[in-house]
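Input: a single structure, listed below in structure tokens.
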Amino acid sequence: MALLEVHDLHAGYGAIRALRGVSFQVEQGQVVSLIGANGAGKSTTLNTLSGLIRPTRGRVAFDGAEITGWRADRVVKRGLVQVPEGRQVIAPMTVYENLMVGVDGAVEPGALDNIFARFPRLNERREQKAGSLSGGEQQMLAVGRALMMKPRLLMLDEPSMGLAPILVNEVFRIIADIKAHGIPILLVEQNARKALAISDYAYVLDRGQIVREGPAADLRRDPAIIAAYLG
Ligand SMILES: Nc1ncnc2c1ncn2[C@@H]1O[C@H](COP(=O)(O)OP(=O)(O)OP(=O)(O)O)[C@@H](O)[C@H]1O
Ligand SMILES: [Mg+2]
């Protein structure tokens, strides 16, 4: 059984049917990408999985449990953790406070040290207000905050959006590092070329439906994919 199994997921916003029967899987240890044009339903998919949007139909199984329709806090506790589009750090709170905000109960010894070791820039800015961090630093903080919640699967929504090229590379290094530590990732990225380069498998979402899937290495070489998404 896969770590995450999504079957025939439907969700929307009133009359707008954003997801119309989405099915895909993430296996243990994998990085899986969802690629697709603006408005395809990528963020809606992640938001539905994390319990922010209620599906109107379909089934989600995660880590052996049926989590369809679970509330967001319960989903996070189970280990399905999302870094939302646009980072959404809490501007008036410090770096340290942002890292602690999602943590429920006692912090595991060393958890914070691990985050600061991985992101030295955050360590140097522990007491700085998150709102005064650069875009790249805010992205690191958003990822660090998610890692504090001990994800069994990390979902990243456009982590490189709006970042300078050097920081885009940094974000992809961080993703590779997280994978190397054994945490599987469901990745949504506008930079489909870089996303496919670090993914094991990928799905193409078009107007609320999966229209292609395959090993990322195959999709990267596919002329139709190149023309539509990697041009
Ligand atoms: N809060 C909302 N209210 C109404 N419609 C919405 C809302 N959020 C998204 N939609 C619509 O749902 C569809 C899917 O949007 P979604 O944000 O999931 O796309 P996306 O693939 O993440 O796009 P992008 O690459 O631009 O982030 C779009 O048609 C969008 O206009
Ligand atoms: Mg989106």
*Can you name the residue in segment 60-77 that is free of Cβ contacts under 8 Å to residues at least 60 places away in the same chain and among the acidic types (Asp, Glu) and is also farthest from ligand 2 (Cβ to nearest atom) among such residues?*
66
_Count - residues of segment 12-31 that are under 20 Å from residue 212 (Cβ atoms) and without any contact (Cβ under 8 Å) to a residue 24 or more places away in the chain_ = 1
*Would segment 50-59 turn up any residue that is within 13 Å of ligand 2 (Cβ to nearest atom), hydrophobic (A, V, I, L, M, F, W, C), assigned to a loop (DSSP other than H, G, I, E, B) and crowded, with 17+ Cβ neighbours inside 10 Å?*
yes
*For residues in segment 13-45 being in contact with a Gly (Cβ under 8 Å, 6 or more places away or on another chain) and within 6 Å of ligand 1 (Cβ to nearest atom), which is farthest from residue 159 (Cα to Cα)?*
18
_Looking at 141, 133, 196, can you tell me which residue is touching a Leu at 6+ places or on another chain (Cβ under 7 Å) and more than 25 Å from residue 49 (Cβ to Cβ)?_
133
*Identify, from the list 80, 34, 99, 4, the residue that is buried (at least 20 other Cβ atoms within 10 Å of the Cβ) and either of a type in the set (Ser, Thr, Tyr) or within 16 Å of ligand 2 (Cβ to nearest atom) (or both).*
34
*Could you check how many residues of segment 189-231 are of a type in the set (A, V, I, L, M, F, W, C) and not in a helix (DSSP H, G or I)?*
6
*Answer yes or no as to whether residue 145 is part of a helix (DSSP H, G or I), buried (at least 20 other Cβ atoms within 10 Å of the Cβ) and at negative phi.*
yes
*Spot the failing condition for residue 12; the list is (1) more than 15 Å from the chain's Cα centre (by Cα); (2) more than 22 Å from residue 206 (Cα to Cα), and only one is missed.*
(2)
_Restricting to segment 214-231, give me the number of residues that are buried (at least 19 other Cβ atoms within 10 Å of the Cβ), aliphatic (A, V, I, L, M) and over 9 Å from residue 202 (Cα atoms)._
1
*Of all residues in segment 148-174, count the ones that are small (Gly, Ala, Ser) and either in a strand (DSSP E or B) or buried (at least 19 other Cβ atoms within 10 Å of the Cβ) (or both).*
1
*Any residue at all in segment 141-158 that is farther than 28 Å from residue 6 by Cα and hydrophobic (A, V, I, L, M, F, W, C)?*
yes
*Residues in segment 116-135: is at least one modelled with pLDDT under 95, within 20 Å of the chain's Cα centre (by Cα), on the phi < 0 side of the Ramachandran plot and within 16 Å of ligand 2 (Cβ to nearest atom)?*
no
_Give me the residue from segment 106-124 that is hydrophobic (A, V, I, L, M, F, W, C), part of a helix (DSSP H, G or I) and out of contact with any Gly (no Cβ under 7 Å at 6 or more places or on another chain) and, out of that set, surrounded by the fewest Cβ atoms within 10 Å (Cβ to Cβ)._
117
_Which listed residue, of 161, 155, 149, is within 30 Å of residue 23 (Cβ to Cβ), within 16 Å of ligand 1 (Cβ to nearest atom) and at pLDDT below 95_ = 161
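The values are calculated or read from the model by the stated rules, or taken from the named source; none is laboratory data. Everything numeric in this text was worked out from a predicted model, so none of it was measured. Positions of Cβ are backbone-derived with ideal geometry, glycine not excepted, and every protein chain shown enters the neighbour counts.
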